[in-house]
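Presented below is the structure to which this report refers.
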Amino acid sequence: MIDQKAFLALPPATRACALVGAYLRSWAIMEAQLNRTLGRALGLSNLQTVVVTRNVQLRDKLHMVKTLLNLEVFNEEERTTHLKTIKRITNLSTDRNTVAHDMFHEDEKADGVTFFAVKAKGNLEFPDIRWSVRAFAEKAEELFELYQNLKNLEHLMGRVNMARILASEKPNALLGGLGLLGPHPLHSQGSPGLGLLSAIPQTDDQTPPASED
């Protein structure tokens, strides 16, 4: 959280650096909770979670959590609530990239920070990005709210025992009946576990596929 009065008491240049640092700290706390949530869902140990999430980009972490939420082990309310959290984090990643990568300076026209951003995807643009102390405080509060939401999701993943479900031999229910990893009604009784693959006609170079007539 950002104490606006405390930051306003700082010299402008020092304030700018402190605000950027405070924002990045808030983001790091939120992302660390995202890592713990993902590790809990996949049944990873603390060490495994650190190693895996360190080598996965934020975008892919969010894709994984979103995929897990779309499995049929959550009710609609739970799914909708937490998918909104993931979408909000996705939308805020632009802010994070601005703060982490763009040069900045104290805002000479206000009390916050000016970012010297550049966009060069098709058109060259220099957007005017200025965040006041109040804006930094509001963004930090939102990140803290997302941290709490992710912590709730971690508890939910533990409650439904997501790791055990993913490791089960018959995950048809959570896969919407596709049976990609287990028995499926389309496969022959003599070929358990083949799932959809058993429903695909097998041919070789000498055997043309069956006619669809």
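Can you say whether His63 is under 16 Å from the mean Cα position of the chain (by Cα), modelled with pLDDT of 95 or more, surrounded by fewer than 18 Cβ atoms within 10 Å (Cβ to Cβ) and of a type outside the set (S, T, N, Q), as far as the supplied structure shows? In short, yes. Only one of the listed residues (Thr98, Thr114, Thr53) is in the same structural domain as Ser26 (by TED's automatic domain parsing) and either within 27 Å of His155 (Cβ to Cβ) or within 15 Å of the chain's Cα centre (by Cα) (or both). That residue is Thr53.
When Leu47, Leu38 are screened for being in the same structural domain as Asn97 (by TED's automatic domain parsing), of a type in the set (A, V, I, L, M, F, W, C) and surrounded by 10 or more Cβ atoms within 10 Å (Cβ to Cβ), only Leu38 passes.
Checking each residue in the stretch 53-107 for being assigned to a loop (DSSP other than H, G, I, E, B) and free of Cβ contacts under 8 Å to residues at least 40 places away in the same chain picks out Asn55, Val56, Gln57, Asn70, Asn75, Asp102. Among all residues of the stretch 10-30, there is at least one that is surrounded by fewer than 13 Cβ atoms within 10 Å (Cβ to Cβ), free of Cβ contacts under 8 Å to residues at least 24 places away in the same chain and of a type in the set (A, V, I, L, M). Considering each residue of the stretch 144-155 in turn, at least one proves to be of a type outside the set (Val, Ile, Thr), surrounded by fewer than 18 Cβ atoms within 10 Å (Cβ to Cβ) and in contact with a His (Cβ under 9 Å, 6 or more places away or on another chain). Inside the stretch 3-52, can you point out the residues that are at pLDDT 95 or above and outside any helix (DSSP H, G or I)? Hits for the stretch 3-52 are Ala9, Leu10, Pro11. Between His82, His63, His105, the distinction of being within 30 Å of Ala9 (Cα to Cα) and not acidic (Asp, Glu) belongs to His105 only.
The values are calculated or read from the model by the stated rules, or taken from the named source; none is laboratory data. Computed from a prediction, not measured in an experiment: that's the story for all the values here. Counting neighbours? That spans all protein chains shown, and the Cβs are built from the backbone with ideal geometry, glycine included.
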